[in-house]
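Peer 1: Handing you this structure, nothing more for now.
Quick note: the coordinates plus some simple rules give every number you see, no bench work behind them. Fair warning: this is a prediction, and the values are worked out from it, not measured in the lab. As a convention, Cβ positions derive from the backbone with ideal geometry for all residues, glycine included, and neighbour counts pool all protein chains shown.
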C-alpha cells in the first residue's frame, strides 16, 4: 500500500470516528462538518480507485 492510500484510509477512519463522536454528543454543527469532510474523502478515494469498505462511497446523516 502506498503512502497516499494509507494516508487517505487513515483520514477516513479518523473522520468516521469524529463524526460518530459528534453525533453521540449531539453536536449537529460538528457532525455536519465531519460529514462533509467524510464525503469529500470518500469521493477522493473513489476518484483514485481506493477501496474504502464504506458502503456506496457517500454516507448520509
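Peer 1: Where the Cα atoms of region 3-47 are projected onto their three principal axes, how long is each span, largest first, in whole Å?
Peer 2: Projected onto the principal axes, the Cα atoms of region 3-47 cover 33, 15, 9 Å.
Peer 1: So what is the relative contact order for region 3-47, in percent, with contacts set as C-alpha pairs under 8 Å and at least six apart? Before the final figure, lay out the partial values.
Peer 2: Details: 21 pairs, mean separation 19.1, N = 45.
It comes to 42 percent, rounded to a whole number.
Peer 1: Could you sort 42-54, 7-19 so that the peptide with the highest average Cβ count within 10 Å comes first and the rest follow in order?
Peer 2: Those peptides, ordered most packed to least, come out 7-19, 42-54.
Peer 1: Additional query: Using 0.36 nm per residue, how much length does the chain from residue 18 to residue 1 gain when fully extended, once their Cα-Cα distance is taken away? Write out the running numbers ahead of the final one.
Peer 2: On the way: separation 17, 0.36 × 17 = 6.12 nm, distance 2.43 nm.
Full extension of this stretch gives 3.7 nm more.
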